[in-house]
Amino acid sequence: MGSYSALIVNDNKELTEKYRQVLGKKGYDIDKIECFPDFNSALNEIINKEPNLLMIDFKVNFDTESARMEVEKTFDSLKENGYRGKVIAIIGNDSYPGIKDKYESENGVDVTVLKKPFDFLSPEFRDAVKIGEENE
């Protein structure tokens, strides 16, 4: 298997460990899966290490303008810093249409939006974590 890296942004330690286990089974190097409680603490690692996959668990519902601004700020930071890996945006609801299209069209990267709770066996999740032929 390949030596793929991932970075998980999630403040729930139990769920983060579950993500790590699942990614390890999908071909990611478990030693190269780093976890951070928030995006600001993860940004330097994202820039310096350029993980193959970035999973961001947004803690907001997109019913307010401030929540949408938080997401925009996160994706703008990724764009400004040239991140080109895959992104999985995990959201609490789907009332913020366009997050995928906006980031993909502006940056040309692969973005998957998963609504909580999501199934690790779903085709959307499997496709999102697949990197290269070895990871099928």
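Here are some notes:
- Every condition in (1) among the β-branched types (Val, Ile, Thr); (2) surrounded by fewer than 16 Cβ atoms within 10 Å (Cβ to Cβ); (3) within 18 Å of Ile91 (Cβ to Cβ) holds for Ile47 except the one numbered (3).
- In this entry, Gly132 is excluded by the filter for residues that are farther than 20 Å from Ser5 by Cα and either at pLDDT below 85 or among the acidic types (Asp, Glu) (or both).
- Looking only at residues in segment 1-53 that are in a helix (DSSP H, G or I) and of a type in the set (A, V, I, L, M), the one that is farthest from Gly85 (Cα to Cα) is Leu15.
- Enumeration of residues in segment 27-41 that are in contact (Cβ under 8 Å) with a residue 60 or more places away in the chain and among the hydroxyl-bearing types (Ser, Thr, Tyr): Tyr28
- Considering residues of segment 3-53 that are of a type in the set (Gly, Ala, Ser) and in contact with a Pro (Cβ under 8 Å, 6 or more places away or on another chain) only, the residue farthest from Asp76 (Cα to Cα): Ser5
- Against the conditions (1) in contact with a Leu (Cβ under 7 Å, 6 or more places away or on another chain); (2) under 22 Å from Asp127 (Cα atoms), Glu45 satisfies every one except (2).
- The residue pairs whose first member lies in segment 42-67 and is at pLDDT below 85, whose second member is among the basic types (Lys, Arg) and in a helix (DSSP H, G or I), and whose beta carbons are closer than 8 Å, counting only pairs six or more residues apart or on different chains, are Phe62/Arg68.
The values are calculated or read from the model by the stated rules, or taken from the named source; none is laboratory data. This structure is a prediction, so every number in the text was calculated from the model and none was measured. Quick reminder, even Gly has a Cβ in these numbers, built from the backbone with ideal geometry, and neighbours come from all protein chains shown.
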